[in-house]
1. So in the stretch B:90-120, with the set limited to residues that are within 8 Å of another protein chain (Cβ to nearest Cβ) and part of a helix (DSSP H, G or I), which one is surrounded by the fewest Cβ atoms within 10 Å (Cβ to Cβ)?
2. Could you grab me the full set of residues in the stretch B:66-75 that are over 15 Å from B:L116 (Cα atoms) and assigned to a helix (DSSP H, G or I)?
3. Going by the conditions given, is A:A119 of a type in the set (A, V, I, L, M, F, W, C), within 24 Å of the chain's Cα centre (by Cα) and surrounded by 19 or more Cβ atoms within 10 Å (Cβ to Cβ)?
4. Picking from B:F63, B:F30, B:F85, B:F51, which residue would you name as being out of contact with any Asp or Glu (no Cβ under 8 Å at 6 or more places or on another chain), surrounded by fewer than 20 Cβ atoms within 10 Å (Cβ to Cβ) and part of a helix (DSSP H, G or I)?
5. Test A:G112 against the stated conditions and say whether it is at pLDDT 80 or above, over 30 Å from B:A79 (Cβ atoms), outside the structural domain of A:V16 (by TED's automatic domain parsing) and not hydroxyl-bearing (S, T, Y).
6. Looking only at the stretch A:43-56, decide whether some residue is part of a strand (DSSP E or B) and touching a residue at least 40 places away in the same chain (Cβ under 8 Å).
7. What are the residue pairs meeting all of these: first residue in the stretch A:20-35, first residue under 11 Å from A:L52 (Cα atoms), second residue small (G, A, S) and surrounded by fewer than 16 Cβ atoms within 10 Å (Cβ to Cβ), Cβ atoms under 9 Å, and 6 or more apart or on different chains?
8. Exactly one of these conditions fails for A:V80: (1) within 14 Å of chain B (Cβ to nearest Cβ); (2) of a type in the set (V, I, T); (3) assigned to a helix (DSSP H, G or I). Give me its number.
Amino acid sequence: MQAKFECYGRKKIALVYVLLAIFFVFSVGVTFYTVLSQRWDLLALCCGGISLLLMVLLWLVNLSADVTLDFEKRIFASKVPFRKEEGWEIGFEEIQRAAILSKEELEVYYKGKFLPKRALCIYLDEHQLKVVPGTRFSMLQLQQVLQKIERRGEDTV
Amino acid sequence: MKDFMKKNLGSLSFFVLGILCTVFSFLLCFYWSALQKPFVAVAVYAIDGCFLFANVFCVVDGFSKTRGRRILNTLLGGALYLSLFSTFGCYFFGDRITPELFGGVLQVAVFLAPVLVILLPVYFFIAYIFGG
């Protein structure tokens, strides 16, 4: 059994789809108008609209960051990049505890400007921790992941 | 030099084939007018199209992690190349653009596709110049 959490909250996904719909309606509308009214000077607008539509589609295709809890293999995997780490995988046994930390709390462990506003931290011991940046997750999603990690010992997900 | 050639023989032959394909496409179209024959035109466009997606695949292969994403990125990337090229083409002709000229722009985009990887810096430079 697996519990998979895709990045981006519902509001952000809705925003992306609204953006996609706007570009789609714009490009199809302008193309139809150009062909029907034979105003070929608008061809650049059609091509520009279609280019933007394709760019949004490419962006959507490459939204790949997510976290997975595999209850059969007893593995917690993150594909969310943080610092130079592209992704990582740890066994349930290695997890001591997990917590959602704010930027100020993270500064105790990491130095530098570009820290996420909030992050899910998995403590391997008191000094070593793995970080899942939480800015691209909704708070609800982060709490759900935390809940699942806390219930990892149980058979049910 | 010989070692380099041996190690990168595949890539080098791909680039050389791409260049030859582009040169022959332009010659067939503008010099010999052979593309007026439907059979030759279909063959040339098909070969150039294959090279277009092969070139885009070379670019997207580095950052696409799964097979599905690789395929989607290749298809969308190829389409994006054509649409961006035609956008610049349309802006280049301005109000004088006609369906025939637009067809010509698309034709040039397809002919240049086999050398897409080699010409990528040039495309970016042109985009930078036109972008201001």
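The values are calculated or read from the model by the stated rules, or taken from the named source; none is laboratory data. What you are looking at is a predicted structure, and each value in this text was computed from that prediction instead of being measured. Methodologically, a virtual Cβ is constructed for each residue, glycine included, from the backbone with ideal geometry; neighbour enumeration extends over all protein chains shown.
1. Filtering the stretch B:90-120 down to residues within 8 Å of another protein chain (Cβ to nearest Cβ) leaves B:90-91, B:94-95, B:97-99, B:102.
From what is left, the residues that are part of a helix (DSSP H, G or I) are B:90-91, B:94-95, B:99, B:102.
Details: B:C90: 22, B:Y91: 14, B:G94: 9, B:D95: 7, B:P99: 12, B:F102: 19.
Residue satisfying both the conditions and the ranking: B:D95.
2. Looking only at the stretch B:66-75, we keep the residues that are over 15 Å from B:L116 (Cα atoms), and these are B:66-73.
Correct list: B:R67, B:G68, B:R69, B:R70, B:I71, B:L72, B:N73.
3. Numbers: of a type in the set (A, V, I, L, M, F, W, C): yes; within 24 Å of the chain's Cα centre (by Cα): yes; surrounded by 19 or more Cβ atoms within 10 Å (Cβ to Cβ): yes.
For A:A119, the condition - of a type in the set (A, V, I, L, M, F, W, C), within 24 Å of the chain's Cα centre (by Cα) and surrounded by 19 or more Cβ atoms within 10 Å (Cβ to Cβ) - is met.
4. On the way: B:F63 fails: part of a helix (DSSP H, G or I); B:F85 fails: surrounded by fewer than 20 Cβ atoms within 10 Å (Cβ to Cβ); B:F51 fails: surrounded by fewer than 20 Cβ atoms within 10 Å (Cβ to Cβ).
The unique qualifying residue is B:F30.
5. On the way: at pLDDT 80 or above: no; over 30 Å from B:A79 (Cβ atoms): yes; outside the structural domain of A:V16 (by TED's automatic domain parsing): yes; not hydroxyl-bearing (S, T, Y): yes.
No.
6. Keep residues of the stretch A:43-56 that are part of a strand (DSSP E or B), which gives none.
No; the residues of the stretch A:43-56 include none that is part of a strand (DSSP E or B) and touching a residue at least 40 places away in the same chain (Cβ under 8 Å).
7. Nothing qualifies.
8. Of the numbered conditions (1) within 14 Å of chain B (Cβ to nearest Cβ); (2) of a type in the set (V, I, T); (3) assigned to a helix (DSSP H, G or I), the odd one out for A:V80 is (3).
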